[in-house]
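Participant: Sharing a structure, written as structure tokens. Questions coming.
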Amino acid sequence: MIVFGIKNCDTVKKARRWLDAHEVDYQFHDLRQDGLDKKTIEQWLQSVDWETLLNKRGTTWRKLEDPRKDSLDQATAVDLMLEHPTLIKRPVVETDKACFVGFKDTEFAEKLGL
């Protein structure tokens, strides 16, 4: 299992603490330090729609002065997420069976079979 996120993101910190407390083995992938490629995002989009993956509530979105954000579609959203990885809702959890976004302890328990 791979947890994609940013180290200083509060939601990612909560998710990682929860996983550690439940002794779940995972690899952490920092979107800023370790990067991101289009193939990875396209794999996520097989399980999650782009509107769920794109974080329009964060600081990066609010500060983004890019005319593309006014006419969004999947291709544009993917391009923006590649240019600005902090536009990705976090964490993104990738297992061998699926991919899911965000953190709620009850959903983690359900999706991870705990």
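The values are calculated or read from the model by the stated rules, or taken from the named source; none is laboratory data. None of these values were measured; they are calculated from a predicted model. Here Cβ is always computed from backbone atoms with ideal geometry, including for glycine, and neighbour counts include all displayed protein chains.
Participant: Tell me whether region 23-32 contains one or more residues that are in a helix (DSSP H, G or I) and at negative phi.
Facilitator: Residues of region 23-32 in a helix (DSSP H, G or I): none.
No, region 23-32 contains no residue that is in a helix (DSSP H, G or I) and at negative phi.
Participant: Out of Val12, Val93, report the one residue that is touching a residue at least 40 places away in the same chain (Cβ under 8 Å) and not in a strand (DSSP E or B).
Facilitator: Only one candidate passes the filter, namely Val12.
Participant: In region 47-90, what residues are acidic (Asp, Glu), in a loop (DSSP other than H, G, I, E, B) and either touching a residue at least 60 places away in the same chain (Cβ under 8 Å) or more than 25 Å from Lys111 (Cα to Cα) (or both)? Steps first, answer last, please.
Facilitator: In the first step, residues of region 47-90 are kept if they are acidic (Asp, Glu); the result is 49, 51, 65-66, 70, 73, 79, 83.
Filter again for in a loop (DSSP other than H, G, I, E, B), leaving 49, 65-66, 73.
Scanning region 47-90 gives Glu65, Asp66, Asp73.
Participant: Tell me, please, whether a residue that is of a type in the set (Ser, Thr, Tyr), surrounded by 18 or more Cβ atoms within 10 Å (Cβ to Cβ) and under 13 Å from the mean Cα position of the chain (by Cα) can be found in region 47-67. Can you show your working first?
Facilitator: Taking region 47-67 as the starting set, the residues that turn out to be of a type in the set (Ser, Thr, Tyr) are 47, 52, 59-60.
Adding the requirement that they be surrounded by 18 or more Cβ atoms within 10 Å (Cβ to Cβ) leaves none.
For region 47-67, residues of a type in the set (Ser, Thr, Tyr), surrounded by 18 or more Cβ atoms within 10 Å (Cβ to Cβ) and under 13 Å from the mean Cα position of the chain (by Cα): absent.
Participant: Considering (1) over 19 Å from Ala15 (Cα atoms); (2) at pLDDT below 90; (3) of a type outside the set (A, V, I, L, M, F, W, C), say which one Gly58 fails and leave the rest.
Facilitator: The failed condition is (1).
Participant: What number of residues within region 80-106 satisfy the criterion of being in contact with a strand residue (DSSP E or B) (Cβ under 7 Å, 6 or more places away or on another chain) and of a type outside the set (Phe, Trp, Tyr)? Explain how you work it out, then say what you get.
Facilitator: Narrowing region 80-106 to residues in contact with a strand residue (DSSP E or B) (Cβ under 7 Å, 6 or more places away or on another chain): 81, 87, 89-94, 99-101.
With the extra rule that they be of a type outside the set (Phe, Trp, Tyr), the set shrinks to 81, 87, 89-94, 99, 101.
Residues meeting the conditions: 10.
Participant: Let me ask another. Of (1) over 19 Å from Met1 (Cα atoms); (2) surrounded by 12 or more Cβ atoms within 10 Å (Cβ to Cβ); (3) of a type in the set (A, V, I, L, M), Ala75 satisfies all except one. Which?
Facilitator: Checking Ala75 against (1) over 19 Å from Met1 (Cα atoms); (2) surrounded by 12 or more Cβ atoms within 10 Å (Cβ to Cβ); (3) of a type in the set (A, V, I, L, M), the one that fails is (2).
Participant: Is it the case that region 105-114 has a residue that's farther than 11 Å from Met1 by Cβ, among the charged types (D, E, K, R), in contact (Cβ under 8 Å) with a residue 60 or more places away in the chain and surrounded by fewer than 19 Cβ atoms within 10 Å (Cβ to Cβ)?
Facilitator: Checking region 105-114: at least one residue is farther than 11 Å from Met1 by Cβ, among the charged types (D, E, K, R), in contact (Cβ under 8 Å) with a residue 60 or more places away in the chain and surrounded by fewer than 19 Cβ atoms within 10 Å (Cβ to Cβ).
A quick yes/no check of all residues on (1) over 15 Å from Phe103 (Cα atoms); (2) touching a His at 6+ places or on another chain (Cβ under 6 Å); (3) modelled with pLDDT of 95 or more; (4) not acidic (Asp, Glu):
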{"residue": "His22", "(1), (2), (3), (4)": "no, no, no, yes"}
{"residue": "His29", "(1), (2), (3), (4)": "yes, no, yes, yes"}
{"residue": "Trp44", "(1), (2), (3), (4)": "yes, no, no, yes"}
{"residue": "Thr76", "(1), (2), (3), (4)": "yes, no, no, yes"}
{"residue": "Pro85", "(1), (2), (3), (4)": "yes, no, no, yes"}
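Participant: Same structure, new question: Does Asp30 fit the bill of being exposed (fewer than 15 other Cβ atoms within 10 Å of the Cβ) and out of contact with any helix residue (DSSP H, G or I) (no Cβ under 8 Å at 6 or more places or on another chain)? Let's see the steps before the verdict.
Facilitator: Working: exposed (fewer than 15 other Cβ atoms within 10 Å of the Cβ): no; out of contact with any helix residue (DSSP H, G or I) (no Cβ under 8 Å at 6 or more places or on another chain): yes.
Answer is no for this residue.
Participant: Tell me which residues, restricted to region 1-27, are surrounded by fewer than 17 Cβ atoms within 10 Å (Cβ to Cβ) and charged (D, E, K, R).
Facilitator: Lys7, Asp10, Lys13, Lys14, Arg17, Asp20, Glu23, Asp25
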